Ligand SMILES: C[S@@+](CC[C@H](N)C(=O)[O-])C[C@H]1O[C@@H](n2cnc3c(N)ncnc32)[C@H](O)[C@@H]1O
């Protein structure tokens, strides 16, 4: 059976960029901030329609994966003409086919709100990222403020039901459970404490 989010992204791939249009300016600023530190062999998990592709710094080689074939169709289109792309393929974040210690950088933006098993996904990222490599995440997370957090818990079934999107993920906690060293996780608030950029050293 298809997961809720896979169903959503397969059905709405053609609309995805249009739905993001009202917040594209802000998201583009955050995307640039996220990927500017990518280096070397880079994996983007949940590449979607490829909105980050044009923002990568020179010198990287990019492998992109996503579980939705329909989203990937747009990513392939967007990748056209860029020389830093190695390959863009269908794959599940929880079951990466790459050997251990493959990538210098792993990137994901707005992905771990919808990955069904985020801890398994983070364990896989940790495994395929080289020792001392970098993981860069842009995610919306559950607020730690009491009332906001409770509201997000309350609204989560609606968001999940409509979009396959969990608005109350405790992403920092999930990273720690997945085995990342807390002292190596930098979480920067970029909008209240709900949107965060994570920079993680894999050691
Ligand atoms: C909100 S979109 C973000 C797309 C893109 N990263 C961006 O910033 O525009 C979430 C993406 O994650 C993908 N995704 C969700 N669960 C996944 C999984 N388990 N494995 C791989 N991709 C997944 C979806 O198919 C979708 O393309």
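Values quoted throughout were computed directly from the atomic coordinates according to the rules given, and no laboratory measurement underlies them. Remember, predicted model here, so these are calculated numbers, not experimental data. Neighbour counts run over all protein chains shown; Cβ positions are idealised from the backbone, glycine included.
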Show the residue pairs meeting these rules: Cβ distance below 6 Å; 6+ apart or different chains; first residue within segment 40-58 and at positive phi; second residue surrounded by 20 or more Cβ atoms within 10 Å (Cβ to Cβ) and assigned to a loop (DSSP other than H, G, I, E, B). 46/111
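Quick check: is even one residue across segment 75-90 within 9 Å of the ligand (Cβ to nearest atom), farther than 23 Å from residue 162 by Cα, over 12 Å from the mean Cα position of the chain (by Cα) and in contact (Cβ under 8 Å) with a residue 12 or more places away in the chain?
Taking every residue of segment 75-90 in turn, at least one turns out to be within 9 Å of the ligand (Cβ to nearest atom), farther than 23 Å from residue 162 by Cα, over 12 Å from the mean Cα position of the chain (by Cα) and in contact (Cβ under 8 Å) with a residue 12 or more places away in the chain.
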Residue that is surrounded by the most Cβ atoms within 10 Å (Cβ to Cβ), among those in segment 2-26 that are near the ligand (Cβ under 8 Å from one of its atoms) and free of Cβ contacts under 8 Å to residues at least 60 places away in the same chain: 16
Quick one: which residue in 116, 143 is within 22 Å of residue 12 (Cβ to Cβ) and out of contact with any strand residue (DSSP E or B) (no Cβ under 9 Å at 6 or more places or on another chain)? 116
Flag for residue 150 being in contact with a helix residue (DSSP H, G or I) (Cβ under 7 Å, 6 or more places away or on another chain), outside any loop (DSSP other than H, G, I, E, B) and away from the ligand (no atom under 12 Å from the Cβ): no
Yes or no: segment 161-168 includes at least one residue that is closer than 19 Å to residue 191 by Cα, assigned to a strand (DSSP E or B) and in contact with a strand residue (DSSP E or B) (Cβ under 9 Å, 6 or more places away or on another chain). no
State whether the residues of segment 43-53 include one that is over 14 Å from the mean Cα position of the chain (by Cα) and in a helix (DSSP H, G or I). no
